[in-house]
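Q: Quick one: this structure, given as structure tokens, is what I'll be asking you about.
The values are calculated or read from the model by the stated rules, or taken from the named source; none is laboratory data. Owing to the predicted nature of the structure, the values given are computational and were not obtained by experimental measurement. For neighbour counting, all protein chains shown are included, and Cβ atoms are generated from backbone atoms with ideal geometry for every residue, glycine included.
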Amino acid sequence: MATAGGCGGGDDGAGTGSASSFGTAVQFDSESGRIISADFAAPAGVQNPPGILLLHQFGGSRAQWAAFAPQLTAAGYAVLAPDLDYSAINSCPNGDAGNQCRADTVQGLVADVRGGLLYLESRPSLDTSRIAVVGASFGGNLAYVASGEFADVDTAVALSPNANPPSPALLGQGLEDFKPHSILFMADGNEAGDARGLAANTGQPVDVKVYEAQKAHGVELLEEPQPPQDLLAWLAGHLK
């Protein structure tokens with residue numbers, strides 16, 4: 001049985017949970033048939049803010065964004081952070097059957113991401129022409145896939161994505177006319193090769209930020225001052 005663990009390596013931190021960690025607890029439907037729990041928060045006093053979908057790490061939950069989400073709302077963005085269940089990918093067997101199982105699991109998760117985008121677009125107070133996806137680790141790969149699959153994703157940020165994930169579906173394999181574009185990749189020195197590998201297959205605009213002085217994975221990158229500044233600068237420049 002293949003085991004995903006942290007999609008890009010490292011300890012993925014917080015355990016799964018459904019309690020609200022910031023903002024307002026909401027739910028939305030997914031084409032996968034699941035009802036997804038999430039936190040939604042909008043900036044105070046901002047008319048028609050852009051929307052950002054936040055995708056947590058493997059083994060984590062929306063609570064992983066509790067420290068960074070207020071920085072996004074303070075910068076004028078509405079945010080939606082769902083709880084996604086990545087664990088089924090570890091229940092797949094080895095061999096061809098397991099490969100199909102993992103691909104099907106990713107397809108279901110991509111449907112969940114689509115549900116989150118549709119939820120943001122259903123909010124009448126948001127500027128639905130400006131939507132971004134920000135993901136960490138496993139969620140970073142999903143952000144990469146969403147950029148290439150959904151035309152309504154204007155830009156994306158992938159923290160510590162994996163160039164060799166548990167399923168090639170997390171690289172967009174099997175998707176028709178897959179064209180990832182407008183992505184900021186962020187990684188520490190140990191995982192810089194993964195970020196650069198995915199960036200090489202991404203259409204402009206694209207950038208890779210490597211933090212050689214940090215040993216951090218996924219949302220841990222945002223615990224130092226420079227990475228949040230770089231992420232916010234990317235959004236300001238590409239979510240117009």
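Q: For region 207-225, name all the residues that are assigned to a loop (DSSP other than H, G, I, E, B) and crowded, with 17+ Cβ neighbours inside 10 Å.
A: Applying the first criterion (assigned to a loop (DSSP other than H, G, I, E, B)) to region 207-225 yields 212-217, 224-225.
Correct list: Gln214, Ala216, His217.
Q: Can you name the residue in region 88-102 that is part of a helix (DSSP H, G or I) and touching a residue at least 60 places away in the same chain (Cβ under 8 Å) and, of all such residues, is surrounded by the fewest Cβ atoms within 10 Å (Cβ to Cβ)? Before you say what the answer is, go through the steps one by one.
A: Taking region 88-102 as the starting set, the residues that turn out to be part of a helix (DSSP H, G or I) are 88-91, 95-102.
Still in the list and also touching a residue at least 60 places away in the same chain (Cβ under 8 Å): 89-91, 98-99, 102.
Numbers: Ile89: 27, Asn90: 16, Ser91: 13, Gly98: 17, Asn99: 17, Arg102: 24.
Per the stated criteria, the residue is Ser91.
Q: If you don't mind, there's one more thing I want to ask. Looking at this structure, is Glu191 buried (at least 24 other Cβ atoms within 10 Å of the Cβ) and in a helix (DSSP H, G or I)? Can you show your working first?
A: Details: buried (at least 24 other Cβ atoms within 10 Å of the Cβ): yes; in a helix (DSSP H, G or I): yes.
Considered against the rule, which asks whether it is buried (at least 24 other Cβ atoms within 10 Å of the Cβ) and in a helix (DSSP H, G or I), Glu191 comes out as yes.
Q: Aromatic (Phe, Trp, Tyr), part of a helix (DSSP H, G or I) and modelled with pLDDT of 95 or more - does that describe any residue in region 77-84? Write out each step before concluding.
A: Going residue by residue through region 77-84, those that are aromatic (Phe, Trp, Tyr) are 77.
Applying the additional criterion that residues be part of a helix (DSSP H, G or I) yields none.
Looking for residues that are aromatic (Phe, Trp, Tyr), part of a helix (DSSP H, G or I) and modelled with pLDDT of 95 or more, one finds none in region 77-84, hence no.
Q: Taking only region 104-162 into account, find how many residues are under 17 Å from Val206 (Cβ atoms), β-branched (Val, Ile, Thr) and not in a helix (DSSP H, G or I).
A: So the answer is 5.
Q: Restricting attention to region 37-71, and to residues there that are small (Gly, Ala, Ser) and touching an Asp or Glu at 6+ places or on another chain (Cβ under 6 Å), which single residue is surrounded by the fewest Cβ atoms within 10 Å (Cβ to Cβ)? Working first, answer last.
A: To start, the set of residues in region 37-71 that are small (Gly, Ala, Ser) comprises 37-38, 41-42, 44-45, 51, 59-61, 63, 66-67, 69.
Checking which are touching an Asp or Glu at 6+ places or on another chain (Cβ under 6 Å) leaves us with 37, 59-61.
On the way: Ser37: 19, Gly59: 21, Gly60: 26, Ser61: 24.
So the residue we want is Ser37.
Q: If you don't mind, there's one more thing I want to ask. Considering region 43-82 alone, what residues qualify as being more than 20 Å from Gly140 (Cα to Cα) and aliphatic (A, V, I, L, M)?
A: Ala44, Val46, Ala74, Ala75 - these are the residues of region 43-82 that are more than 20 Å from Gly140 (Cα to Cα) and aliphatic (A, V, I, L, M).
Q: Here are some residues: Val110, Val153, Val157. Which one is modelled with pLDDT of 95 or more and surrounded by 24 or more Cβ atoms within 10 Å (Cβ to Cβ)?
A: Values: Val110 fails: surrounded by 24 or more Cβ atoms within 10 Å (Cβ to Cβ); Val153 fails: surrounded by 24 or more Cβ atoms within 10 Å (Cβ to Cβ).
Every option except Val157 fails the conditions.
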